[in-house]
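Here's the structure, in structure tokens; my notes come after.
The values are calculated or read from the model by the stated rules, or taken from the named source; none is laboratory data. Because the structure is a prediction, the values reported are computed rather than measured. All Cβ positions, glycine included, derive from the backbone under ideal geometry; neighbour counts span all protein chains shown. Quick note on the areas: whole protein, heavy atoms, side chains included, nothing else; ligands and nucleic acids left out. Shrake-Rupley method; radii C 1.70, N 1.55, O 1.52, S 1.80 Å.
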Amino acid sequence: APGLRLGYVVAPKPLRERVTTHRMYTDRQGDQVVECAIGELFRDGDVQRHIRRAKRVYQERRDLLAAELLRQFGGAVSFRIPAGGMAIWTKVEAGVNVEAWAQRGAARGVIFLTAQSFAFDGRSRPYVRLGFGGLTETHIREAVRRMVSAF
């Protein structure tokens, strides 16, 4: 949690000892009040409940995006449902200029990233990254509708 300057490690004891030693060199003091409060959230199960709830919500969003892509695009796009993360990498059928598609999408109010944004060589590739983490069901449906109209 960057805002709290707090994190945790689940690891074998030798690794935990090495991490603890390293941590002592970078920040000896910490914030004991915050650490105790977060520890209490773990002990009471609040963090675990939140994780289960969040996992369910994001899985529902991911599955809705996948279903909408298949329904709206058919064979024009292909993808594998990711086991984790907040985006689906989608391959686009041959002959589609994904950079131009992304620009047309942006003009329609839907932003998605092309593989070129992630490429070290700056070359275009027939893939787009479609994030779903911050979107409601309504937003996902509308985003895919706009992507189709830009296609």
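For the reader, a short list of remarks on this structure follows.
- Within the full protein context, the accessible area of Val148 is estimated at about 50 Å² for a probe radius of 1.4 Å.
- Normalised per residue, the accessible area of the chain is 70 Å², obtained with a 1.4 Å probe and no contribution from ligands, DNA or RNA.
- In this structure the amide hydrogen of Trp89, modeled in the peptide plane, comes within under 5 Å of the amide hydrogens of Leu130, none closer than 5 places in sequence on its chain.
- Solvent-accessible area of Ile111 with every protein chain in place, 1.4 Å probe, in Å² to the nearest 10: 130 Å²
- Between the amide H of Leu113 and those of Arg129, Gly131, distances stay under 5 Å, these residues lying 5 or more places away or on another chain, with hydrogens modeled in the peptide plane.
- Cα centroid separation, the stretch 99-133 to the stretch 52-82 (Å): 18 Å
- Rolling a 1.4 Å probe over the protein chains gives Phe118 an accessible area of about 100 Å².
- Under-5 Å amide H pairs with Asp31, H placed in peptide plane, nonlocal only: none
- Computed from the Cβ-Cβ distance with R0 of 30 Å, the FRET efficiency linking Glu40 to Thr136 stands at 0.40.
- Principal-axis tilt of helix 46-73 within the chain, Cα atoms, nearest 10 degrees: 10 degrees
- For the stretch 77-93, putting each phi into the Karplus relation 6.51 cos²θ - 1.76 cosθ + 1.60 with θ = phi - 60° gives couplings of 9, 9, 6, 10, 5, x, 6, x, x, 10, 8, 10, 7, 10, 8, 9, 4 Hz, in residue order, rounded to whole numbers and with x for Gly and Pro.
- Carbon + sulfur, % of accessible area of the chain - ligands and nucleic acids excluded, 1.4 Å: 55 percent
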